[in-house]
Amino acid sequence: SVEKKILVIPGDGIGQEVTTWGQKVLTAIARNYHHTFTFDEALMGHVAIEATGSPLPDETLEKARQSDAILFGAIGHAKYDNDPTLKVRPEQGLLKIRKELGLYANLRPIKLFDELLEASSIKPEILQGADILFFRELTGDVYFGEKKRSEDRNTASDLMIYHRYEVARIAHKAFAAAQGRRKKLCSVDKANVLESSRLWREVVLEIAKEYPDVETEHMFIDNAAMQLIKDPKRFDVVLTANLFGDILTDEASQIAGSMGMLASASVGDAIGFYEPIHGSAHDIAGKGIANPLASILSAALMLDISFGLKEESSRVIKAVEATLRQGYRTMDIANKHTPNDFFLSTDQMGTKVLENLS
Ligand code: IPM
Ligand code: MN
């Protein structure tokens, strides 16, 4: 049995509502398998700005560094979306913690549970069997390049920048993952236009030689966005930059039926950071209707990737599967055929998964 320190950062909006379920599932796993997980909690995002003035208080970063893994919810608040002049913003907290903890590889598995074939806006026959693992670079690119605004405020720029080592380290991770899967890797860039993409492609071409058993292809981002919807099954591992990966994975969430289903793992130097790919969803925050499954599946990723607890991880995934098979749905994955009794709130859905775990 293992002993682990887990930091829970619920963040903003529905982050608070769903993360408690990820934590409850971890607690149940610890009990069932005789592990010791100790939990601490910290602030980040809008709630942290309100409480301390900073989106990532020093105390949160300190606690993060001392933990074995972090379960995060979501970040953001409508107030900032409608006022781009605000200087202190919730998202800065998330970007800073990614950078500080060296979380350069963001793994976003896109896999459709068969039970949800009808929940997607894409035709079932196109979707069935799709199984993609995205490697999104997370601490470089236009996200972290220099930002400027001219004195007259009429011109703005964000520098899109990559260093060779940044591309190389995530490429190695992606190729290694491909070797353990269907041995296909698609690197997505915009090398026909962008110099940073030409560096990206140069590095990936070079590293591909070290993985001759992996079939590598290179695709432009615009084409990839189209192929993803046209024929998602053609992809196995997709490797891409920060901004392209942000956009492509939201698009790819439709392959899994809903953003509410998708978990992600951010890894790099040492500590793993686990979060749903969905945001704080202010439009439904406070209503108790958010889907807790992405947080629960994030917990499953933590068990597997950070703690090496494969059996425990697949136990969680099976409990989610069983819950879906029983017909239970939250709003985002329900349809007009979902009977009223099976249409569940966040807490009811979380409770069903816990029941299926024991
Ligand atoms: C994500 C989010 C973040 C990002 C935002 C909240 C900064 O959209 O994790 O995908 O763009 O990386
Ligand atoms: Mn995003």
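With both partners inside the range 121-256, how many of the DSSP beta bridges are antiparallel, as a percent to the nearest 5?
Numbers: 3 of 17 bridges.
Close to 20 percent.
Show me 237-250, 334-347 ranked by packing, highest mean number of other Cβ atoms within 10 Å first. The partial results should precede the final answer.
Working: 237-250: 22.8, 334-347: 13.2.
Descending mean neighbour count gives 237-250, 334-347.
Which number comes out as Rg/Rh for the chain once both Rg and the Kirkwood Rh are worked out on C-alpha atoms? Don't skip to the end; give the middle numbers.
On the way: Rg = 20.0 Å, Rh = 20.9 Å.
A ratio of 0.96.
In Å and from the alpha-carbon atoms only, list the Rg and Dmax of the range 121-256.
16.0, 54
Hey, can you grab everything whose amide H is under 5 Å from the amide H of residue 186? Only 5+ residues off in sequence or another chain; H modelled, so Pro and N-termini drop out.
Answer set, sorted by chain and number: 217, 236, 237, 238, 239.
In what sequence, highest mean first, do 319-326, 136-143 appear when ranked by Cβ atoms within 10 angstrom? Could you put the intermediate results ahead of the total?
Values: 319-326: 18.9, 136-143: 23.2.
Peptide ranking by packing, descending: 136-143, 319-326.
Among 131, 332, what is the fewest-to-most ranking by other Cβ atoms within 10 Å? Mind dumping the intermediate values first?
On the way: 131 16, 332 19.
Least crowded to most crowded, the residues run 131, 332.
Of all beta bridges DSSP finds with both residues in the chain, what is the antiparallel percent, to the nearest 5? Show your work: numbers first, answer last.
Details: 17 of 46 bridges.
Around 35 percent antiparallel, to the nearest 5.
For the pairs 184/233; 4/96; 96/173; 5/310; 24/352; 233/318, note any where the Cα-Cα span goes beyond 20 Å.
Values: 184/233 11 Å; 4/96 24 Å; 96/173 22 Å; 5/310 18 Å; 24/352 12 Å; 233/318 23 Å.
The pairs that break the limit, which is 20 Å between Cα atoms, are 4/96; 96/173; 233/318.
Just order 289-301, 78-90 by mean Cβ neighbour count inside 10 Å, highest at the front, would you?
On the way: 289-301: 28.2, 78-90: 12.4.
Listed from highest to lowest mean packing, they are 289-301, 78-90.
What ³J(HN,Hα) values, in whole Hz, does the Karplus curve 6.51 cos²θ - 1.76 cosθ + 1.60 give for the range 34-45 when θ = phi - 60°, with x put for Gly and Pro?
Once θ is set to phi - 60°, the couplings for the range 34-45 become 6, 9, 10, 10, 9, 10, 10, 10, 8, 9, 7, x Hz.
Where does the charge balance sit around residue 10 when Lys and Arg score +1, Asp and Glu -1, over other residues with C-beta under 10 Å from its C-beta? Each step should come with its number before you reach the end.
Details: positive: none; negative: 12, 17, 41.
Counting the neighbours of residue 10, the net charge comes to -3.
Values in this text are rule-based calculations from the coordinates and carry no lab data. Bear in mind the structure is a predicted one, so any value in this text is a computation, not a measurement. Cβ sites come from the backbone with ideal geometry, for glycine too, and all protein chains shown count toward neighbours.
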